[in-house]
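Each remark here refers to the structure printed beneath this line.
The values are calculated or read from the model by the stated rules, or taken from the named source; none is laboratory data. Everything quoted here is computed from the prediction, not taken from an experiment. Neighbour counts run over all protein chains shown; Cβ positions are idealised from the backbone, glycine included.
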Amino acid sequence: MAKYVTVQVTRKEPAAAAGDAGERCKKCGVPLEEGELEKSLRVCPHCSYHYPIPAQTRVEQLADEGTVSFIGEELRTADPLEFFDLRPYPERFSEAQQEAGLTEALLAALCKISGRPAALGVMDFRFMGGSMGSVVGERFYRLAQSAVEGHMPLVVVAASGGARMQEGLFSLMQMAKTVVAVQLLGEARLPFISVLTHPTTGGVLASFSTVADVIMAEPGAVMRFAGARIIEQTTREKLPPDFGSSESQLAHGQIDLVVDRRQLKEYLARCLSFLGGGGTGD
Amino acid sequence: MTEPTEPPATSRSYQAEALRLLQRLQELRNLPALPGASYSEEIKKIQDRLETLRNRGASDTAWNTVQIARHQDRPQILDYVAQSLPDFLELSGDRLRGDDKAIVGGLATLGSRRIVLIGHQKGHTLKERQERSFGMARPEGYRKAMRLARLAEKFGLPVVTLVDTGGAYPGKDAEEGGQAGTIARSIEVFANLRVPTVAVVIGEGGSGGALALAVADRVLMLENSVYSVISPEGCAALLWRDSAEGPRAAEALRLTAGDLLELGLIDAVIPEPTGGAHTDHRVTVKRVMREVQLALAELERLDAGERLSLRRKKYLSMGSYAIANSR
């Protein structure tokens, strides 16, 4: 087995694309004061556009301060198929690790959410499009195991382009693996809440994220199983630009709630207080 | 020395030649080192030829297999029914919205067993293919499959699925009808069945649309079938930014039955008649049904709880990753 050097999970946020002094909201064009965007959790205070955020930031936003410990960090990407497209797979994931300051596309944490112990997983689209390969699947499973052992709920914030193609059928099997992991929680009568953020597509949308007890989504997030281009090519149907948006998924009965990021923690806490779980683990 | 004529581009001829060369190589290496005799030149020649075969063979093999797997005359679920299940009773509908003809299901007697059979039907003629959306199922289809799986559970009947789809139907209605969530729930239902389950990939195992019917105690593949997270063309379009690179993507994805057996992701490969399953439906169906019965007989020896726990363990242990040395 290959030996890897442990990479420190950096807590530093990458250079903000918007929201720096003198910047305007890239959605509504209204000038933003310095620090204004950060204060409102990277949601435009004027038009409520939700900017993408790094997984590390999301954990900070949802977990109570000083309660976070990361798990599964020792699990690292392997290259079972020796996959080579225009570049070798190890080059691609090493670069993603550098750029995102993450070891993989799912950051797994044990923490407290509003005083309640919880297992928390956050996906990061910057890491190879948030794609689900073997490490994402295994970390998800370990989160579910920890939740069962500690008698805690599981909350996972998804953002993903789908399966990790470079891991071939291994990645497809992570869909089955994560769905089976969710069963373990169900049998222990522990809640699993899924939060869909922009974008959540393909194999992640068609696995653990939609077999949750409660499905929340951020406003304006797009959720689709098939890519828009594939749909248009196969059926010659023209799709509206907001096709598969949170609001339309809500209207079609596919999700429970659309929740503004600024209220997300409060909604999670409320939901968890109804469904129980937690209280005995720490 | 005359160059041998190029072998026809089938996986078997490449493999046969490679096998012969490997055997010869082994012989040469095992020969006692006699004074004055050197085999290094012949060894080098064989190694070069093997390399050539490997390079060309690999890409051609995977891509050829994709073509065979998609062959219009390849036996589909209704051909299996016609050849081996005379009392098949087809059941229809998802009890909610409609009946998706991309998925066929029903009750049948296989040998001494009553089973529930479910699978994709792509269709052979253009007309049938259109009626059945080329085997690309909508939520209605996966709901029909789940409904029949639950029926099997209720009456203690083993479930056999025959997987053959390019993928789930990519359409506006399907998306709005919850395509993704329905596939996820289908995975969930098949993962939780207490009755024995066997899935056979008989043609194309296309991504989530295939997995929705392919979570089982035993997953078998016909020799020239393929099973992949994405179509080679789709993968090529995304990673090589050129869908014409399908053959290279097919090779890189390791989607053939042999590759997947080697990677430990499926349980067995069922050999096809020479020339492929489409050349002889009768023999193909007979072999598949024999393997299914053997697998079911094995699974029936376990009690339901043990079977379910082994199935879960199998899926929970799937994946390939490294462990970093922590300091």
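Annotations
- When the stretch B:220-254 is filtered for residues that are outside any loop (DSSP other than H, G, I, E, B) and among the basic types (Lys, Arg), only B:ARG248 remains.
- Evaluation of B:GLY177 against (1) touching a Pro at 6+ places or on another chain (Cβ under 7 Å); (2) of a type outside the set (Asp, Glu); (3) surrounded by 24 or more Cβ atoms within 10 Å (Cβ to Cβ); (4) within 11 Å of another protein chain (Cβ to nearest Cβ) (one fails), failing number: (3)
- Taken over the stretch A:216-246, residues that are surrounded by fewer than 21 Cβ atoms within 10 Å (Cβ to Cβ) and facing another protein chain (nearest Cβ under 7 Å) amount to 5.
- Matching option when the condition is more than 20 Å from B:GLY135 (Cα to Cα), modelled with pLDDT under 95 and not in a loop (DSSP other than H, G, I, E, B), among B:ILE43, B:ILE115: B:ILE43
- Number of residues in the stretch A:110-135 that are part of a helix (DSSP H, G or I) and either under 16 Å from A:PHE192 (Cβ atoms) or not β-branched (Val, Ile, Thr) (or both) equals 4.
- Across the stretch A:61-95, the qualifying residues are those that are of a type in the set (A, V, I, L, M) and without any contact (Cβ under 8 Å) to a residue 60 or more places away in the chain, and the one among them that is nearest to the other protein chains (Cβ to nearest Cβ) is A:LEU86.
- For the residues A:ARG189, A:ARG164, A:ARG142, the requirement of being of a type in the set (Lys, Arg) and away from chain B (no Cβ under 14 Å) singles out A:ARG189.
- Residues within the stretch A:211-255 that are over 20 Å from B:ARG185 (Cα atoms) and part of a loop (DSSP other than H, G, I, E, B), tallied: 13
- Some residue of the stretch B:256-266 being at pLDDT 95 or above, away from chain A (no Cβ under 14 Å), assigned to a helix (DSSP H, G or I) and surrounded by 16 or more Cβ atoms within 10 Å (Cβ to Cβ): no
- Among the residues listed as B:GLU251, B:GLU245, the single one being among the charged types (D, E, K, R), closer than 23 Å to A:PRO80 by Cβ, without any contact (Cβ under 8 Å) to a residue 60 or more places away in the chain and within 11 Å of chain A (Cβ to nearest Cβ): B:GLU245
- Cβ-Cβ distances below 6 Å connect the following pairs, each with a first residue in the stretch A:109-130 that is within 12 Å of A:PRO54 (Cα to Cα), a second residue that is of a type in the set (Gly, Ala, Ser) and in a strand (DSSP E or B), and a separation of six or more residues or different chains: A:MET123/A:ALA158; A:MET123/A:ALA159; A:MET123/A:SER160; A:PHE125/A:ALA159; A:GLY130/A:ALA159; A:GLY130/A:SER160.
- Selection status of B:ARG143, within 9 Å of another protein chain (Cβ to nearest Cβ), touching a residue at least 12 places away in the same chain (Cβ under 8 Å) and either surrounded by fewer than 24 Cβ atoms within 10 Å (Cβ to Cβ) or assigned to a helix (DSSP H, G or I) (or both): no
- The residues of the stretch B:213-226 that are touching a residue at least 60 places away in the same chain (Cβ under 8 Å), within 22 Å of B:VAL283 (Cα to Cα) and within 11 Å of another protein chain (Cβ to nearest Cβ) amount to a single one, B:VAL226.
- Matching residues in the stretch B:304-316 - criterion: being under 20 Å from the mean Cα position of the chain (by Cα) and within 8 Å of chain A (Cβ to nearest Cβ): B:TYR315
- Residue among A:GLU95, A:GLU82, A:GLU99, A:GLU104 that alone is modelled with pLDDT of 95 or more, in a loop (DSSP other than H, G, I, E, B) and surrounded by fewer than 18 Cβ atoms within 10 Å (Cβ to Cβ): A:GLU82
- Residues of the stretch B:227-242 that turn out to be surrounded by 20 or more Cβ atoms within 10 Å (Cβ to Cβ), within 8 Å of chain A (Cβ to nearest Cβ) and either in contact with a strand residue (DSSP E or B) (Cβ under 6 Å, 6 or more places away or on another chain) or not hydroxyl-bearing (Ser, Thr, Tyr) (or both), as a count: 6
- Residue within the stretch B:182-192 that is part of a helix (DSSP H, G or I), at pLDDT below 95 and surrounded by fewer than 21 Cβ atoms within 10 Å (Cβ to Cβ) present: no
- Single residue of the stretch A:167-184 satisfying the filter (within 7 Å of chain B (Cβ to nearest Cβ) and aliphatic (A, V, I, L, M)) that is nearest to B:SER228 (Cα to Cα): A:LEU169
- Among (1) assigned to a helix (DSSP H, G or I); (2) touching a helix residue (DSSP H, G or I) at 6+ places or on another chain (Cβ under 9 Å) - the single one A:PRO90 does not satisfy: (2)
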